[in-house]
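The values are calculated or read from the model by the stated rules, or taken from the named source; none is laboratory data. These numbers were taken from a predicted model, which means no experiment stands behind them. Please note: Cβ atoms are built from the backbone with ideal geometry, for glycine as well, and neighbour counts cover all protein chains shown.
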Ligand SMILES: [Zn+2]
Ligand SMILES: [Zn+2]
């Protein structure tokens, strides 16, 4: 918790990205630090963004056959250990509940770090026949992973909010379609709701979700040149189904093993959103997700206050009627400049200024948050006009991010060139790669950059014929980047 | 988890209410038992009901100034102990996290049993001036209470889902209005969404939420004659604000102590819903909450299958278009009788039967789930017709529950009469009461019945002049009942 603090952002996005991000999150009232290291409190302005992300994604999930459910937050240790059948060297960093009231428990309970080990046995129990498939379950919940790192709200916290989908299918085709459906929905969320251009790919074999056949990923680029793994969708093959015995009777009453998937998106997506769009004035949000889309600031003198405020209130009512999330800031105890700064800090995408001139001319002055562009518009049809401007703000955010991303995908064909390019520019570097994990080591060691993805299409020809590290035949294109 | 099981309910609601309830919950696929005693898995058909309850309540909360937020699921032991300042003898039965990964924690963390002790300090930090008030926060989350009792899905589980609202106000009036606003919204949920007539009252002083000034309650009557505390709304006075230092500068820059409230509704509401309306054929749901509102069952012979199914599908499409949650059950491998039983078991409020006669006459046969009443309706305007029937089904459920409740509020004016009346009939017994906790003891000891509420209005004259137990002057009317 914080004491009195300066208004306004004091850190620089360019020069001290980490400190700047932390300051934006706190001063825009998105989150606060909890008393225990690694935990945060998500405040209303932050939680409202998460709720809108949920609404979009949850609607798409439901349209495509997913049912929500809720499984216990605790997983018995013996259940967690069954994953050892699937995952060599599985070693969960979890929070352990050892006591209930004054009594020690007979078996320790893990606070769920992810729910495969509790959900999969139930799916196994519920699936009997091919008619029960596909079975698609999702839950919105919080999970805890006891990783000791510095707290970074939404990016690195021991407890985080997410959704986890778990599905079972008759065969590989069904499960693979599912994996792609969810990856495409995540991409749609980033592209159409978060104004964030996204790259789709799969993780290299050595960096898959433990036990998965294929881990597919959405990667987005941050302004500091690092990549964020923004969502993942796993085709698990039959490994979990075999370990947990998800079998079904097919049309001929023969026992078959199901193919399963899992897929998840966490509030890290919110962190990436905040970091990408915001600036040295504070939070910048796309209108799609902003709790308040429009703020109207009346500017009056004593002798015209009544008519100015009435005119502003009338416009606010019309926007509200049109379904736009509008706030009329008619506070007496703050001047317009203070209000401008406050709503810029809090990320309201569009400001409408109303002074005596606007009243006289039957107009409104609209100012775009991302770049301060302003235009004078007719008061008539203000609902439609504002919708257009909100679309324009969205397009500006997207275009700016897209331009950055396009300039930040480079090629290299040697170890030195990878190191030099990422060292100088950040961003992504594409190379040929033999597929051997060992070839990642020298880059990891020197620069903490790694192969964040390879193309989804396993048959795609690599960008170069040779592996940039070892010079052997390249099998795929590797995308190298530093990452969060 | 269960093995193969008989279709259909085998227990009797009247004669073995507990077993019948457990059977309905499992066979209607609302919930399953988790491997750890006291925990359940909420399956899609159950979770969908909870989501609809959430949608209604959350919408009303937001319309009346409440912001959602999310606080950590863990509370440090020292924070929990601060409640001792408010609550004499506070002794939480909680789940304790003692280890993170392989390391013992320096301070134990409680899995939240309720969040006053973590939310209130943040409200204290965020509130500076009278302009910050009222502050109204709510979170939807799960909480854990380590009470060792037999598991009863939605009624008695160690982990349960709920919402908890926490608000701060300038003065008693503001906080009391808030307390009543939420109580009224809970009543509206029961009356208008759950088809459950509800009683509003307050808890006797000795049964208040610890630290509260007044605990108000919604009570609903179950078919076995027991009362369910269906939601509570607490006016906390200044006790929590004093303990956690929620002060604010008023208009004159004077420091004042805030008045706070908290209020919550859990998935117990779902348990009460299921228990009240369901019957020996299985689940009965009001159309407002049913995941599937209408099932259409086509009844065909080989020679007319195509036209019957097409006619049914066409009606289904029209209902879907009208925003009705409809399912066309055209499975080949099940006969109509099987389908009727299955959808009755699963609580679909309205069944539409379509055979060759319906096709010939351009009609549809509609059957109400609660009582089997059927009527033949024109195919034209089926959307409006079905809406009317769904309203009728709702009204039937409500009327039946209301009739039961009205007959189950009796009066008594002696200890023997209380014991005799509750012992014979269950339900509520109204008596005069002196207000002394000691007078509750003999009834509690003999019958496990207690004073579940007294009237909200503190000035209301008691139903009798004398306390039914001790004969002293009665101060209020007491409502006695057995309770869940
Ligand atoms: Zn190589
Ligand atoms: Zn008495």
Residues that are assigned to a strand (DSSP E or B) and under 28 Å from residue A:26 (Cβ atoms), drawn from segment A:151-172: A:152, A:156, A:159, A:160, A:161, A:162, A:163
Got at least one residue in segment B:426-445 being more than 16 Å from ligand 2 (Cβ to nearest atom), surrounded by fewer than 18 Cβ atoms within 10 Å (Cβ to Cβ) and on the phi < 0 side of the Ramachandran plot? no
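State whether one or more residues within segment A:265-277 are within 30 Å of residue A:380 (Cβ to Cβ) and in contact with a helix residue (DSSP H, G or I) (Cβ under 8 Å, 6 or more places away or on another chain).
Initial filter on segment A:265-277 (within 30 Å of residue A:380 (Cβ to Cβ)): none.
No, segment A:265-277 has no match at all.
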How many residues are within 20 Å of residue B:156 (Cα to Cα) and crowded, with 20+ Cβ neighbours inside 10 Å when one looks only at segment B:49-69? 3
Answer yes or no: is there a residue in segment B:367-385 that is within 16 Å of ligand 2 (Cβ to nearest atom), under 26 Å from the mean Cα position of the chain (by Cα) and more than 14 Å from chain A (Cβ to nearest Cβ). no
Of the residues A:399, A:380, which is assigned by the TED database to the domain that holds residue A:321 and exposed (fewer than 13 other Cβ atoms within 10 Å of the Cβ)? A:380
Picking from A:67, A:32, which residue would you name as being without any contact (Cβ under 8 Å) to a residue 60 or more places away in the chain and in contact with a helix residue (DSSP H, G or I) (Cβ under 7 Å, 6 or more places away or on another chain)? A:32
Check B:76, B:72 and return the single one that is free of Cβ contacts under 8 Å to residues at least 60 places away in the same chain, buried (at least 22 other Cβ atoms within 10 Å of the Cβ) and facing chain A (nearest Cβ under 8 Å). B:72
Which listed residue, of B:159, B:116, is touching a residue at least 40 places away in the same chain (Cβ under 8 Å) and more than 10 Å from every other protein chain (Cβ to nearest Cβ): B:116
Filter segment B:361-373 for residues that are surrounded by 13 or more Cβ atoms within 10 Å (Cβ to Cβ) and under 19 Å from residue B:319 (Cβ atoms) and give the result. B:363, B:364, B:365, B:366, B:367, B:368, B:369
Might you check whether a residue that is within 13 Å of chain B (Cβ to nearest Cβ) and either under 30 Å from residue A:245 (Cα atoms) or under 24 Å from the mean Cα position of the chain (by Cα) (or both) occurs anywhere in segment A:4-26? yes
Somewhere in segment A:116-135, is a residue on the phi > 0 side of the Ramachandran plot and surrounded by fewer than 21 Cβ atoms within 10 Å (Cβ to Cβ)? no
Identify the residue in segment B:450-476 that is in contact with a helix residue (DSSP H, G or I) (Cβ under 7 Å, 6 or more places away or on another chain) and under 19 Å from residue B:216 (Cα atoms) and, among all such residues, is farthest from ligand 2 (Cβ to nearest atom). B:450
Residue A:397 being over 28 Å from the mean Cα position of the chain (by Cα), modelled with pLDDT of 95 or more and within 30 Å of residue A:347 (Cβ to Cβ): no
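Tally the residues that are in contact with a strand residue (DSSP E or B) (Cβ under 8 Å, 6 or more places away or on another chain) and under 27 Å from residue A:173 (Cβ atoms), restricting the search to segment A:95-123.
Of the residues in that region, 8 qualify.
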Quick check, is residue A:57 in contact with a helix residue (DSSP H, G or I) (Cβ under 9 Å, 6 or more places away or on another chain), away from chain B (no Cβ under 11 Å) and without any contact (Cβ under 8 Å) to a residue 40 or more places away in the chain? no
Take residue B:175 and tell me if it is at pLDDT 95 or above and either part of a helix (DSSP H, G or I) or on the phi < 0 side of the Ramachandran plot (or both). yes
Hey, can you tell me all the residues within segment A:209-236 that are out of contact with any helix residue (DSSP H, G or I) (no Cβ under 7 Å at 6 or more places or on another chain), surrounded by 23 or more Cβ atoms within 10 Å (Cβ to Cβ) and farther than 30 Å from residue A:170 by Cα? A:227
